[in-house]
Amino acid sequence: MTAPARTWFMGPVFDGLPQTMSRFVVEFGKDGTPPAEQGRLDAPAFHRNHDAIWQALAPFLTAKAGAVLELGSGTGQHVVTFAARTPDLTWHPSDLQDSHLASIAAWRAHTGLANVAPPQRIDLADPDWTWQPGGALAAMLCINVTHISPWTVSENLIAGAARHLAPGGRLFVYGPFLRDGAHTAPSNADFDASLRARNAAWGLRDTRDLAALANETGLMLAEIIPMPANNFVLVFARREGRTATTT
Ligand SMILES: C[S@@+](CC[C@H](N)C(=O)[O-])C[C@H]1O[C@@H](n2cnc3c(N)ncnc32)[C@H](O)[C@@H]1O
């Protein structure tokens, strides 16, 4: 059986996106779909992937307390869904696009969850990025960002995790990846080529390169969890003896 073609921001539907959208593969809500009341945007991929992602997060997050920071939260649907399942964690969504920050705020208001903080602007292109109010994080989450951004974004994500994760904390990164130089499916290879054709700085990242980055910062790639549709959740952890330098 051949794998289904990737859709929405995951694949060929790029052809239907405005050609002016050069910095972001997707700005949710720009496909003609009207936002829900109060500006809540909907990402079709969320409906396909959130349950599988939760299965990967749950063993670590269930019954944990503390703060979780999400980078590139997009619509905000993942953060409110996961926050509803973890009342002892406070979730801090972030993004850099105004329209996404507004959608996250609207989902937060709509759900009324006390454990979701207001969205904050974090640009992973900034090597010195930090978060508010700051402090050591129980976990960080980044879904479908590393392949639609330059390599520096991955570098800054992992370096930021090394700065901000609490001892015993985890960074979870979801998306499509190469494994040791090889694509894991023909559809991923096609997707990679389409990304690089749109922007030479984008493209699927290799777990081997991300593991090397982690090693340089005092983290390690502790686990690679296969997900449906040729995606993975990569779990990064602090190596023994290394502590966070939080702001
Ligand atoms: C494909 S969307 C994924 C959104 C959301 N995580 C999801 O899975 O529905 C990629 C997101 O990354 C964000 N993004 C792109 N470049 C970024 C950067 N340099 N720093 C932070 N976020 C960025 C975009 O604004 C967008 O919300």
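Within the shell defined by Cβ-Cβ distances under 14 Å, the residues around Gln55 carry a net charge of 0, with Lys and Arg each +1 and Asp and Glu each -1. When only the Cβ of Lys, Arg, Asp and Glu is charged (+1, +1, -1, -1), the dipole of segment 65-128 relative to its Cα centre reaches about 320 debye. Counted residue by residue at 0.36 nm each, then reduced by the alpha carbon distance between them, the extension gain from Ala189 to Ala63 reaches 41.5 nm.
With every protein chain in place and a 1.4 angstrom probe, the accessible-area ranking of Met140, Met227, Met220, largest first, reads Met220, Met227, Met140.
Can you find, among Ala114, Gly135, Thr146, the residue sitting farthest towards the positive end of the charge dipole of segment 98-176, where Lys and Arg contribute +1 and Asp and Glu -1 at Cβ? Of the options given, the answer is Ala114. Arg163 sits with roughly 60 Å² accessible to a 1.4 Å probe, with DNA, RNA and ligands left out of the calculation. Counting only protein heavy atoms and using a 1.4 Å probe, the accessible area of Glu223 comes to about 100 Å². What number, in percent, do you get for the relative contact order of segment 134-198 if the mean sequence gap of Cα pairs under 8 Å and at least 6 apart is divided by its residue count? That works out to 41 percent.
Among beta bridges from DSSP that stay inside segment 54-209, the antiparallel ones total about 5%. Can you tally the net charge around Ser154? Count Lys and Arg as +1, Asp and Glu as -1, for every other residue whose Cβ sits under 11 Å from the Cβ of Ser154. Neighbour charge sum, excluding Ser154 itself: -2.
The values are calculated or read from the model by the stated rules, or taken from the named source; none is laboratory data. Computed from a prediction, not measured in an experiment: that's the story for all the values here. Backbone-built Cβ (ideal geometry, glycine too); neighbour counts: all protein chains shown. Heads up: the accessible areas ignore ligands, DNA and RNA and are worked out on the full protein's heavy atoms, side chains in. Shrake-Rupley method; radii C 1.70, N 1.55, O 1.52, S 1.80 Å.
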